[in-house]
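I have placed the structure first, in the form of structure tokens, so that the comments after it can refer back to it.
Just so it is clear, none of the values below were taken in a lab; they were calculated from the coordinates. If you're wondering where the values come from, they're calculated on a predicted model, not measured in any experiment. Cβ placement follows ideal geometry from the backbone for every residue including glycine, while neighbour counts extend to all protein chains displayed.
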Amino acid sequence: MRSSEIRVRLLAAALLALVLAPAPAHADVQAQGFGLERLTPSPAGAGWFSVDSLDMHGGLGGAAAVTASFAHDPLVVTASDGSRLAVVANSAFVDYGFAATWDRFRFSLDFSQPLWTKGDSGSVGGYAYSAPALDLGSNPDTLGDARLGVDARLFGEADGPLRLGLGAQLYAPNNSRDAYVTDGTFRAMFRLLGAGDLGRFTYAGSVGVHVRPLDDAPVWGSPRGSELLFAIGGGYRVPLGDARAGDVTIGPELFGASALKSLFGATTTALEGLLTARWQQGGEGAHLGVRIGAGGGLHPEFGAPEWRTVLSVELVQPGR
Amino acid sequence: MRLERGAPSTLLGACAIAAIASTSARAVAQAAPPAGHEDQSFDLMNLMSEHGLHDVHDESWNVYGQFTYISSWKRPFRAPYTNANGSVNSLVPDAERSFTGTFTLFFGTKLWKGGEAYLVPEVIAERPLSNLRGLGGSIQNFELQKTGGESPQLYRARTFLRQTFDLGGTPVEKDSDPMQLASTVGSRRLVFTLGSFTILDIFDRNSITWDPRQTFLNMAFMTHSSWDFPSDARGYSWGGTAELFWDDWAVRVGRITPPKNPNALPQEFRIFTYYGDQLEIEHDHKLLGQSGAVRLLGYRNRTDTGRFADAIAAYEADPTHKNAGECGGAGLYNYGSGNFSAPDLCWVRRPNVKLGAGINLEQHLTDDLGVFLRAMWSDGNNEVGAFNPADRSLSFGAAGKGSLWRRPLDVAGIGFGASWISEIHREYLDMGGVDGFVGDGHLPKAAAESVIDLFYSVNFVRAVWFTADYQRIWNPGFNPDRGPVDIFGGRVHAEF
């Protein structure tokens with residue numbers, strides 16, 4: 001065989017190999033974690049899980065609260081072919097909240113400790129997701145972002161039918177994005193707060209902006225920058241005998257967020273509802289409060305879980 | 001005086017002379033637990049009390065905070081060898097700088113009669129000397145943790161509940177302090193603590209050396225160097241303690257969780273299988289009108305650790321496979337030694353028992369000057385589980401306040417500490433083994449790792465202290481071939 005013929009045959013074989021060979025695999029882009037939790041517990045003494053009673057009054061007062069939450073499937077990424085990946089399948093945290101009130105103002109500090117954050121790793125739509133693997137045994141002292149807040153009641157009496165105010169919260173980043181407990185950047189919330197009491201009916205709501213520098217677009221299930229925040233709650237108060245026994249308030253709370261860049265987009269909006277019951281001791285001096293709630297995602301995307309349970313215990317010293 | 005290796009007896013005399021000659025006053029501080037606040041010093045609670053916003057004698061809550069920055073400069077020192085035979089645990093002989101910065105908040109609230117809850121979040125940033133390797137019982141900065149880095153990290157240091165049952169006796173006023181609500185309790189009482197804390201919050205307290213953030217920088221004075229109290233890599237544990245106070249006597253028992261792997265952060269919560277048990281008996285007394293105390297402490301750990309004799313036997317039986325270099329390939333936890341000709345504890349870890357007993361003495365000589373002594377013996381059969389690799393330790397010294405020269409919030413002190421290892425421990429290290437933080441790869445003869453620590457803290461504006469500190473450490477890593485090491489330290493400490 002002549003050498004030119006050999007070269008032609010080699011070239012033909014190479015071309016055939018190129019044609020028949022499978023297309024080179026494109027490496028999936030690694031998605032990064034972020035501060036996933038959508039339930040930002042209200043400051044200690046604020047009365048609700050997600051909104052604020054705005055009833056600060058009197059002299060120096062204070063409150064301490066411990067809030068525990070368990071959420072199922074708070075982050076599920078769904079591909080165009082319908083396949084699902086529960087990147088965060090279960091998530092539990094406990095939030096330690098402290099607040100001081102003075103006249104119309106509240107200053108608060110919250111530390112959130114993730115207790116259990118686990119899920120499934122995998123690839124969806126060209127992105128590789130690494131599930132968090134955080135539990136109390138392996139991470140006995142881990143804290144997420146620290147949250148510093150200030151709220152002010154600007155309009156209305158502390159027990160009036162309409163109270164309006166402003167609130168701001170600053171997140172100081174802590175821990176690793178891999179654990180889905182932080183954005184790794186400072187972020188802040190600014191909200192217009194409203195609340196009121198109409199006989200035995202009580203309500204509260206808020207609307208605001210979550211200034212979130214982290215923008216991981218177009219990774220599915222990841223932040224798209226700053227967000228619109230909204231929340232509303234209402235309840236019916238049932239007195240329990242004497243004043244010291246306090247009362248029980250039963251009612252729903254709805255809260256959510258939507259990326260400003262894709263306002264109310266299907267995959268960038270989270271909406272969650274909780275049916276709550278809370279008992280608050282009455283009378284003079286310090287009083288105890290216990291809250292329970294259960295619910296789930298009405299639009300279970302981007303942090304709103306399939307279902308959630310939450311429990312809170314707080315001790316409140318009203319301003320004198 | 002030029003201090004040479006093996007100069008403890010000279011130092012003992014020097015310390016005694018210094019203690020007698022010192023005109024300073026009683027030390028306020030504490031060790032790992034936060035110090036009580038001096039009446040004259042500034043803090044938020046007293047400020048609020050002065051303005052009628054808080055009852056500082058009967059509290060339903062309190063909040064305190066502290067900030068401490070410590071910088072240490074190590075001079076180059078003599079070392080004929082470093083990390084011999086593939087070891088990784090030597091103190092580097094070059095000049096080095098180390099630092100720690102901590103910021104802590106102490107929240108306390110009353111829950112019900114006798115019931116209290118505490119939460120302590122803390123931020124730390126740190127850079128140790130030589131990756132925290134090469135020093136045994138006298139690490140130059142007590143704040144250093146076995147985890148962490150130069151970027152500040154927030155973590156939950158303590159969360160615990162405390163319940164006090166009053167059993168009578170004479171009324172005792174408890175001051176408002178970090179992790180202590182002001183109240184009046186009986187001199188006879190039963191106190192239970194449950195949650196996450198450092199065992200040093202409750203056991204082995206000493207009012208002279210009690211607060212390293214205000215007194216000695218070296219870890220040898222924080223507690224017994226050879227008390228291998230179980231804890232995570234930061235020094236905290238989960239568990240419960242019970243304290244019976246009966247006038248001048250106190251008896252304490254406690255059980256706490258160890259780490260899953262020695263010196264690591266993850267905790268082992270199977271507390272009925274793996275645990276550290278502590279027992280302490282305390283008697284408070286008056287000697288020539290001055291207060292003092294004697295404390296006897298015993299501990300028994302049952303943890304997943306290795307015995308030196310077992311590691312040596314395993315290596316001698318199968319040196320090809322049961323050596324330090326093979327640990328990683330077998331998926332076993334070790335300290336990074338790649339020495340294929342040295343034994344390693346990774347092959348022999350199983351539930352083992354470690355025992356120890358010690359004594360802690362404190363005596364005020366005047367209202368403003370006190371002396372202290374601690375001594376402890378541990379069995380020396382097992383590797384370090386959570387604290388220091390020392391098997392026996394001794395420390396003593398004096399500390400006091402500057403009342404005599406009209407600076408009552410200044411603090412000064414001098415102390416000497418020494419720690420030893422057992423013969424089987426030495427044999428293991430001489431074969432090239434590493435144990436937590438020590439192991440130069442060669443140790444034909446062991447010596448006491450000894451330290452002298454001298455400091456003066458100047459107070460400013462009642463809330464800030466600036467400290468100058470000098471330490472000389474002999475026989476680092478229990479190795480008489482290396483050192484001595486000179487370390488200069490500076491500290492800024494603020495309380496509010």
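Structural remarks
- Kyte-Doolittle at least 1.6, axis length at least 18 Å by Cα - qualifying DSSP helices, chain B: B:8-21
- B:Ala446 long-range amide H proximity, modeled H, under 5 Å: none
- In a fully extended conformation the segment linking B:Ala84 and B:His321 would gain 83.2 nm over its present Cα-Cα distance, using 0.36 nm per residue.
- Separation of alpha-carbon centers, the range B:371-404 and the range B:451-496, rounded to whole Å: 16 Å
- Calculated mean residue ellipticity, 222 nm, the protein assembly as shown: -2000 deg cm²/dmol, from DSSP H runs (n ≥ 4) at -39500 (n - 2.57) each, averaged per residue and rounded to 500.
- Paired Rg and Dmax values of the range A:184-287, which use every Cα atom, in angstrom: 18.1, 57
- Cubic angstrom per residue, convex hull over Cα atoms of chain A: 144 Å³
- Residue-wise HN-Hα coupling along the range B:228-241, computed from phi with Karplus coefficients 6.51, -1.76, 1.60 (Hz; x: Gly, Pro): 7, 5, x, 5, 7, 5, 9, x, 10, 9, 9, x, x, 9
- Spin-label pair A:Leu298-B:Trp246: with each label point 7 Å from Cα along the Cα-Cβ axis, the two points sit 6.3 nm from one another.
- Shielding value for A:140-150 is 5, the average number of Cβ atoms from other chains within 10 Å of each residue's Cβ.
- Among beta bridges that DSSP assigns inside the protein assembly as shown, antiparallel share in %, nearest 5: 100 percent
- Orientation-averaged projected area, Cα convex hull of the protein assembly as shown (nm²): 43.4 nm²
- Among B:Asp344, A:Asp197, the order by Cβ neighbours within 10 angstrom, fewest to most, reads A:Asp197, B:Asp344.
- Ranked B:Ile208, B:Ile70, criterion: other C-beta atoms within 10 Å, fewest first: B:Ile70, B:Ile208
- Residue (of B:Phe197, A:Val88, B:Leu394) at the positive-pole extreme of the protein assembly as shown, dipole from beta-carbon charges: A:Val88
- Charged-residue dipole, Cβ positions (Lys, Arg, Asp, Glu), the range B:108-264 about Cα centre, Debye nearest 20: 420 debye
- Part-to-part distance (alpha-carbon centres) for the range A:114-141 and the range A:59-76, which is given in Å: 21 Å
- Considering the range A:268-310 at the alpha-carbon level, its Rg and Dmax are found to be 14.6, 46 Å.
- Based on the Stokes-Einstein relation at 10 °C and a viscosity of 1.306 mPa s, and on the Kirkwood radius from alpha carbon pairs, the range A:98-251 is assigned a translational diffusion coefficient of 86 µm²/s.
- Amide H contacts under 5 Å for B:Lys322, placed H, 5+ residues apart: none
- Highest-MSF residue in chain A out of A:Phe201, A:Phe34, A:Phe255 [GNM, Cα springs under 10 Å]: A:Phe201
- Lys, Arg +1 and Asp, Glu -1 on Cβ, resulting dipole of the range B:32-139 about Cα centre, debye, nearest 20: 900 debye
- A simple rule links phi to the HN-Hα coupling: the Karplus curve 6.51 cos²θ - 1.76 cosθ + 1.60 with θ = phi - 60°, which for the range B:361-374 gives 10, 9, 8, 7, 8, 9, 4, 10, 9, x, 10, 9, 8, 10 Hz, with x for Gly and Pro.
- Globularity index of chain B, i.e. its alpha-carbon radius of gyration over 2.2 N^0.38 Å: 0.95
- Net +/- balance of residues flanking A:Pro318 in space, Cβ distance below 10 Å, scoring K and R +1, D and E -1: -1
- Ranking A:Gly297, A:Gly319, A:Gln280 by Cα position along the charge dipole of the range A:256-320, where only Lys, Arg, Asp and Glu carry charges on their C-beta atoms, puts A:Gly319 farthest toward the positive end.
- The long axis of helix A:3-20 is offset from the longest Cα principal axis of chain A by roughly 20 degrees.
- With 0.36 nm allotted per residue and the present C-alpha distance subtracted, the B:Gln163-B:Ser341 stretch has 58.7 nm of extension available.
- For A:Gly126, nonlocal amide neighbours, meaning residues 5 or more places apart or on other chains whose placed amide H falls under 5 Å from its own, do not occur.
- J(HN,Hα) series, the range B:86-97, from Karplus relation 6.51 cos²θ - 1.76 cosθ + 1.60, nearest Hz, glycine and proline x: x, 5, 10, 10, 7, 6, 5, x, 6, 5, 9, 10
- Sequence-distant aspartates and glutamates (8 or more away, or on other chains) whose Cα lies within less than 18 Å of B:Lys113: A:Glu284, A:Glu314, B:Asp55, B:Asp58, B:Glu59, B:Asp166, B:Glu173, B:Asp175, B:Glu243
- The range B:217-232 versus the range B:66-98: alpha-carbon centroid distance in Å: 19 Å
- Cβ-placed point charges (K, R +1; D, E -1), dipole of chain A about Cα centre in debye, nearest 20: 600 debye
- Long pairs among B:Lys110/B:Lys354; B:Lys286/B:Lys401; B:Lys401/B:Lys445; B:Lys74/B:Lys286; B:Lys146/B:Lys445; B:Lys146/B:Lys322, criterion Cα-Cα beyond 32 Å: B:Lys110/B:Lys354; B:Lys401/B:Lys445; B:Lys74/B:Lys286
- Over the range B:368-456, the fraction of Cα-Cα pairs per 5 Å bin, rounded to whole percents and listed from the shortest bin up, is 3, 13, 19, 18, 13, 10, 9, 7, 5, 4, 1, 0.
- With eigenvalues of the C-alpha gyration tensor scaled by 5 and rooted, the range A:113-168, Å: 41, 18, 10
- Cβ-derived FRET efficiency at R0 60 Å, B:Asp175 paired with A:Thr78, nearest 0.05: 0.55
- Using a simple spin-label model with pseudo-atoms 7 Å out from Cα toward Cβ, B:His283 and B:Arg300 lie 2.4 nm apart.
- Counted by neighbouring Cβ atoms within 10 Å, the residues A:Ser226, B:Ser87, B:Ser457 run from fewest to most as A:Ser226, B:Ser457, B:Ser87.
- Selection from B:Ala220, B:Pro484, A:Val219, by position along the positive dipole direction of the protein assembly as shown (Cβ): A:Val219
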